[in-house]
Structures are given as structure tokens and as C-alpha cells.
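What follows is a short report on a single structure.
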């Protein structure tokens, strides 16, 4: 045999089976982007701390903001919902997809008394105008005091929430007992209220 018969040309050498390094990097980058988007847009987990101003086991940041209805103010003093009453704070916005999913079921549960004896307070965060928030509240039959936080000073500032929705459970002594990031179900609402005592 001649050397030309025994040696393989580059075209004859077997190809590697599997993705190239470039393909692996691209797949990894896409997976990372999807994970980050999933966490930011559709979070759904109970957290012990928001990583910002509101922290489980600590006093709730107190606030007083204008009411969505335009009359009066909505807020939480140092003693929970006020006058020694526990509170549930629901942070939402009309532009938030998960909030639109959450609100009909939560509103129905609240209207049925599933959050009693806690006071339930809504916070409309970073909506460019109140008409969109009013339309969402009307379409989902929200029957609770709703305050407005148009520039996010309360939501991302005092509470330290990077996105929406968030639900915060506050004891009658004004201590945060749970922070729920993402869509809160009626069952999770009832469970959180039950822990308030």
C-alpha cells in the first residue's frame, strides 16, 4: 500500500458528534436570558426578605399615599394596618401581566372575607396615569382602599421591590411576617393571614 492509500484526507476524518463550542455558548446565553426574564417577569415564590427596605421580622415601612379614588390617603402606621389591626399590602399595576392574572381571584377572595380580620390595602405602583389603574380595579371588582405610588418611591424605594406583584403580610404590631413575590393565590392569601394571629 502506498502512503496515499493509508492516510486519510481531512475530508475523510470522522466529524465530532455534538454541538460546537460556539453553539454551546449560544445555548447557555439563551438559557440564562430566559431564566432572568422568568424571575423578573413571572416570579412565584414566598420569600423571607425582599432584599430591600421591607424585611421579614422587621417593622413595616410606614407610609401615607394619595388614594386612587382621589379622596383622602391610604397608608400603614407603625402598628400594622392601624389601630392594632393586621394588614395585607398588595402591590400591583395596570401594566403588569401577572397582576392582571392575580387580581380577579384575589379580589373575589377578599370580597368573600377570606382576608379577615386583616385590613387589605392595595398600592398601585408606577402607573403613568390613574385611569388605567381605576379601570383594572373596576374590572376586577376591587373593594379595598387603594393608594397610588406613581413614581415608585414607596414600592421600589421604601419597600425595595424591583418588580410586581408583591404581597406583604403585616402583624397587628407592625412586623412583616411574610413577603410574597409573584402571583398570590387565594389559598396563599388565607394562609398568610392565618399566620398573622
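Every read-out reported here was derived from the displayed coordinates using simple, explicitly stated rules and does not represent laboratory data. All figures in this text were calculated on a predicted structure; none of them were measured in a lab. Note that we place each Cβ from the backbone using ideal geometry, even for glycine, and neighbour counts take in every protein chain shown.
With the crude spin-label approximation of a point 7 Å out along Cα→Cβ, what separation in nm comes out for residue 114 versus residue 56?
In this crude spin-label approximation the distance works out to 2.1 nm.
Which FRET efficiency value, to the nearest 0.05, is calculated for residue 129 and residue 73 with the Förster distance at 25 angstrom and r the Cβ-Cβ distance?
Efficiency, from the Cβ-Cβ distance: 0.85.
May I ask you to sort 102, 190, 134 by Cβ crowding, counting other Cβ atoms within 10 Å and putting the fewest first?
Ranked by crowding around the Cβ, least crowded first: 190, 134, 102.
Mind sorting 124, 141, 149 by how few other Cβ atoms lie within 10 Å of their own Cβ, fewest first?
By the 10 Å Cβ count, ascending, the order reads 141, 149, 124.
With 10 angstrom as the radius, rank 136, 106 by how many other C-beta atoms surround their C-beta, starting from the fewest.
In order of increasing Cβ crowding within 10 Å: 136, 106.
Across every pair of different alpha-carbon atoms, what Kirkwood hydrodynamic radius in Å does the range 126-197 reach?
13.8 Å
When every alpha-carbon pair in the range 44-194 is counted, what percent end up more than 24 Å apart?
Considering the range 44-194, 20 percent of its Cα-Cα pairs are separated by more than 24 Å.
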